[in-house]
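Inspection log for the structure reproduced underneath, given as structure tokens.
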Amino acid sequence: MDVTPGSAQGPIAGAGQALDRRAELSEFLRTRRARLKPEDVGLPDFGRHRRVPGLRREELAQLAGVSVAYYTRLEQGNGRNVSAEVLDAIARALRLSDAEHAHLTHLAKPKAHKKKPSARSQQVRSSLRQLLDTFDGVPAYVVGRRAEVLAWNRMAAAVFGDWSRLPQQERNWARMVFLQPEYHDLFVDWEQKAIDIVCQLRYEAGCYPDDPRLSALVGELSVKSEEFRRLWATHDVKEKSHGLKQLRHPLVGDLELQFESFRPPSDGELSMVTYHAEPGSASAEALRLLASWGTDATRAATTAPGH
């Protein structure tokens, strides 16, 4: 399947190319408008007379209190001089989430003089690495921009596989989930994990449209993974800080783990993610077994069939 800029899959950045902010703004507004039905916002639906999915531009403009011409220019990617008040009104009309509202603002009004992200890898402070190691029996890792796994503890390796065996470039949740078949087996709801990753990458694309490594990652995954292309074309964004993950571990079987994500105050572009099981549950006992096996569990899990 060929994917070209401007195709139904949406504009795709190649290696070394910046993501097109105007195209991103246009597609984001169009897809948010398409998901709303007239009855969702109290407008009459004339059924067979509608030729577009979702709301028409003039309906959205009416709800936001702006002229059709003004909204049309914005949806065509021209966000110059748009005010925060207008963006707020459009966000309300489109019923955007907080993350979607922030994404719209990043695309329409990028921060002036934002430093271009460095091509160097992000660094994890030694004190954070030490903190990871103190989480006895708790899988934990630090993830940076572009879904890069930067540091982890022994329990994270026992649950998710020994990332030290991977080249540094491959220690990336997006590459692992979309390009390594064993992660299809590890996550019971693989589709939701994939959606979460794409939504986060799309959000970062709005914050850092000039990040060459992010653009290269999107381009690579778009070429190699049909699932990624499909999800990237939705333009969905969200930030997920906690939830439930169900895993199918090759050694201890099913695991049901709660995860929490924290951003260190002095390292806002990093997130520390921890997983824990309900006390007394079968999953808690399984984690205890993995902890007691130590490095043997990591080695066995990495070489087990399907992992």
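The values are calculated or read from the model by the stated rules, or taken from the named source; none is laboratory data. Note that the structure is a prediction, hence the values are computed from the model and not measured. Every residue, glycine among them, receives a Cβ derived from its backbone with ideal geometry; neighbour counts consider all protein chains shown. Surface areas here come from the heavy atoms of the whole protein model, side chains and all, with no ligands, DNA or RNA. Shrake-Rupley method; radii C 1.70, N 1.55, O 1.52, S 1.80 Å.
Among the criteria (1) in contact with a helix residue (DSSP H, G or I) (Cβ under 9 Å, 6 or more places away or on another chain); (2) under 19 Å from SER261 (Cα atoms); (3) open to solvent by 40 Å² or more (accessible area, probe 1.4 Å); (4) at pLDDT 90 or above, the one GLU170 does not fulfil is (2). Would it be correct to say that LEU201 is aliphatic (A, V, I, L, M) and out of contact with any strand residue (DSSP E or B) (no Cβ under 8 Å at 6 or more places or on another chain)? Here the answer is yes, as LEU201 does meet what is asked. Could you please let me know if GLN169 is more than 24 Å from LEU251 (Cβ to Cβ) and not in a loop (DSSP other than H, G, I, E, B)? So GLN169 fits the description; yes.
Per-residue answers, yes or no, for (1) assigned to a helix (DSSP H, G or I); (2) more than 20 Å from PHE187 (Cα to Cα); (3) open to solvent by less than 30 Å² (accessible area, probe 1.4 Å):
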position	(1), (2), (3)
GLY219	yes, yes, yes
PHE228	yes, no, yes
HIS235	no, yes, yes
ASP254	no, no, no
LEU257	no, no, yes
GLY268	no, yes, no
VAL273	no, no, yes
GLY280	no, yes, no
ALA286	yes, no, yes
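Being open to solvent by 10 Å² or more (accessible area, probe 1.4 Å) and within 13 Å of LEU29 (Cα to Cα) is the filter here; which residues of region 65-87 pass it? Explain how you work it out, then say what you get.
Quick first cut of region 65-87, residues open to solvent by 10 Å² or more (accessible area, probe 1.4 Å) only: 65-70, 72-73, 76, 78, 80-81, 83-86.
Scanning region 65-87 gives THR72, ARG73, GLN76, ASN78.
Annotation note: Cβ proximity below 6 Å between a residue of region 59-83 that is without any contact (Cβ under 8 Å) to a residue 12 or more places away in the chain and a residue that is buried (at least 19 other Cβ atoms within 10 Å of the Cβ) (sequence gap 6+ or interchain) occurs for ALA61/TYR71; VAL68/ALA61. Looking only at residues in region 200-217 that are open to solvent by 10 Å² or more (accessible area, probe 1.4 Å) and not charged (D, E, K, R), the one that is modelled with the lowest pLDDT is PRO209.
Residue pairs whose Cβ atoms lie under 6 Å apart, sitting 6 or more positions apart in sequence or on different chains, and linking a residue in region 149-161 that is farther than 14 Å from SER261 by Cβ to a partner that is of a type in the set (Gly, Ala, Ser) and part of a strand (DSSP E or B), are ASN153/ALA140.
Taking the condition of a type in the set (D, E, K, R) and either surrounded by 21 or more Cβ atoms within 10 Å (Cβ to Cβ) or touching a residue at least 24 places away in the same chain (Cβ under 8 Å) (or both), does ARG146 pass? Taking the combined requirement at face value, the residue satisfies it.
Scanning region 40-74 for residues that are of a type in the set (Asp, Glu) and either touching a Leu at 6+ places or on another chain (Cβ under 8 Å) or at pLDDT 85 or above (or both) yields GLU58, GLU59.
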